[in-house]
Structures are given as C-alpha cells and as structure tokens.
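J.: First the structure, then my questions, so here it is.
Readers should treat all values here as calculations from the given coordinates under stated rules, not as data from a laboratory. Note that the coordinates shown come from a computational prediction; the quantities given were computed from them, not determined experimentally. Backbone-built Cβ (ideal geometry, glycine too); neighbour counts: all protein chains shown.
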Amino acid sequence: GENVEQHPSTLSVQEGDSAVIKCTYSDSASNYFPWYKQELGKRPQLIIDIRSNVGEKKDQRIAVTLNKTAKHFSLHITETQPEDSAVYFCAASIRGGATNKLIFGTGTLLAVQP
Amino acid sequence: SAVISQKPSRDICQRGTSLTIQCQVDSQVTMMFWYRQQPGQSLTLIATANQGSEATYESGFVIDKFPISRPNLTFSTLTVSNMSPEDSSIYLCSVTQGLGEQYFGPGTRLTVT
C-alpha cells in the first residue's frame with residue numbers, strides 16, 4: 001500500500017543552524033504535501049504545504065521543496081530557535097474515493113539546543 | 001481556520017466499556033476525519049466521517065469497534081467500543097477547508113485500565 005518514509009527520526013541542532021527533514025512517498029498520484037508541527041501535548045499544526053505544480057514554497061524561516069520525479073519532498077528550517085523544538089510530520093495525499101486522504105510519515109523529533 | 005473542539009479532552013475507562021468522543025466545528029466543513037495517535041507514534045487514519053452516509057473505514061478498522069456518526073456538516077462522533085488497554089491512545093478529529101488543508105482538533109486522550 002501507499003506509505004511515506006521520513007528521515008531522520010531525531011535531529012539535534014544548535015540554535016541558529018539550519019534543519020532539514022526529508023520524506024519519500026510511494027503513490028505517484030499524490031498531489032498535496034503538508035507539514036505539521038506537534039509540540040508536546042498539543043495538536044498537530046499545519047505549518048506549510050506544497051502542491052504538485054510547485055517545486056518550492058517559502059514562508060519566512062521555513063521552506064518546502066518537492067521533487068515529483070524522485071517522489072521526495074523536504075522541509076527546511078533556517079536560523080532555528082528553541083521554540084522550533086517539536087515533532088514534525090510530513091504527509092502526502094492519496095486518492096480515497098471522493099476525497100484526498102493524508103498518509104503521514106513517522107515523525108522527526110527536532111531539538112534546538114540554545 | 002475553523003475552530004475545532006473535542007469532548008472529552010481526556011478520560012480513563014475500564015476495559016469492556018465504550019466511550020463516545022465528540023467533535024464540533026464552528027463552521028460547515030466538507031470532510032471530517034478521525035485519527036488515532038498512539039504514544040510516541042505518528043497519526044493513523046481510522047475513517048472518513050461522511051455526512052448522511054456510513055463512514056469509510058481504513059484497513060484494520062471496523063465499524064463494530066469504531067462506530068462513527070456525522071449527522072450534519074459541523075459535528076461528528078467516534079465511539080470506541082468494548083475497550084481494551086490496546087485502545088489507549090489519543091484520538092483526533094480533523095476537518096478540511098479551503099483547497100483541502102486539514103486542521104486538527106485538540107484530541108482526546110484515552111486511557112483504558
């Protein structure tokens with residue numbers, strides 16, 4: 001079945017450094033790729049997304065890139081801050097009946113050391 | 001984005017009993033979904049809650065165990081039936097808006113003893 005692989009599972013960076021999280025998806029029909037940030041005890045929050053007709057999207061310190069040929073997409077966080085520490089999930093849409101469902105990666109625990 | 005609430009926020013239940021979780025949205029939404037997130041794990045889709053018709057369940061989830069209702073475009077319930085300790089998890093509803101972006105409710109933390 002469809003799946004999304006996410007790497008690394010944990011990532012520790014120094015404050016101010018960049019962080020990169022990578023995902024690979026299997027369904028060639030996937031056309032929507034959101035990223036969620038989940039702080040401890042909180043709900044997942046949508047932080048950025050990208051659609052298949054775009055190769056890159058940026059929002060302040062975060063950016064997402066998509067390579068449809070290789071079925072890869074990545075999250076880039078620049079100038080990391082301690083408040084960026086959280087679990088990050090990538091997801092890919094899969095066609096399920098009348099709607100696109102999401103399948104999630106396994107998550108990356110990002111720790112930003114002050 | 002829509003304001004999504006869930007009740008209860010947490011509960012401790014005895015095995016063999018059932019719990020119904022409510023999800024309320026402050027505006028009409030097309031799609032509502034129910035997810036499970038086991039401790040330290042990712043999100044797993046249980047089912048799509050269809051308004052006016054039976055829910056669509058993912059592989060590994062069945063209606064007898066997780067009956068779902070969706071009487072209108074702003075409300076849905078998920079029941080966890082005949083609970084066992086393996087059902088201890090966080091249950092989240094989500095809704096789609098705009099071009100299909102999904103937003104999550106605050107979750108219900110369930111502990112089964």
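J.: In nm, give the distance between the simple-model label positions of residue B:84 and residue B:111, each being 7 Å from the Cα along the Cα-to-Cβ direction.
T.: Placing both labels 7 Å beyond Cα along the Cβ direction yields 2.1 nm.
J.: Please give me, ordered by residue number, the GluC sites (Glu not before Pro) of the range A:38-100 that lie in loop per DSSP and have at most 14 other Cβ atoms within 10 Å.
T.: When the GluC sites (Glu not before Pro) of the range A:38-100 are filtered for loop state and at most 14 Cβ neighbours within 10 Å, A:39, A:79 remain.
J.: While we're here: Using Stokes-Einstein with the Kirkwood hydrodynamic radius over Cα pairs, what translational diffusion coefficient do you get for chain A at 4 °C and a viscosity of 1.567 mPa s, in µm²/s rounded to a whole number?
T.: Once the numbers are plugged in, D ends up at 91 µm²/s.
J.: Okay, next question. Which of the aspartates and glutamates could be linked to residue A:37 by a straight reach, that is with a Cα gap under 15 Å, when you skip same-chain ones fewer than 8 residues away?
T.: Partners within reach: A:49, A:59, A:83, A:84, B:101.
J.: Given R₀ = 25 Å, FRET efficiency for residue A:29-residue B:75 by Cβ-Cβ distance, to 0.05?
T.: The calculated FRET efficiency here is 0.20.
J.: Based on Cα positions only, what radius of gyration and what Dmax would you give for chain B, in angstroms?
T.: 13.2, 41
J.: Here is a further query. Suppose every Lys and Arg Cβ carries +1 and every Asp and Glu Cβ carries -1, with no other charges. What dipole size does the protein assembly as shown come out with about its Cα centre, to the nearest 20 debye? Intermediate values should be presented prior to the final figure.
T.: Values: 19 positive and 20 negative charges, 62 e Å.
For this selection, approximately 300 debye.
J.: Modelling each spin label as a point 7 Å along the Cα-to-Cβ direction, I'd like the residue A:109/residue A:15 distance in nm, to one decimal.
T.: 2.2 nm
J.: If you don't mind, there's one more thing I want to ask. Of the listed pairs A:42/A:101; A:71/B:7; B:7/B:65; A:68/B:7, which have alpha-carbon separations greater than 31 Å here?
T.: A:71/B:7; A:68/B:7
J.: I need the semi-axes of the equivalent ellipsoid of the protein assembly as shown: take the C-alpha gyration tensor, multiply each eigenvalue by 5, square-root it, list largest first in whole angstrom.
T.: 30, 21, 16
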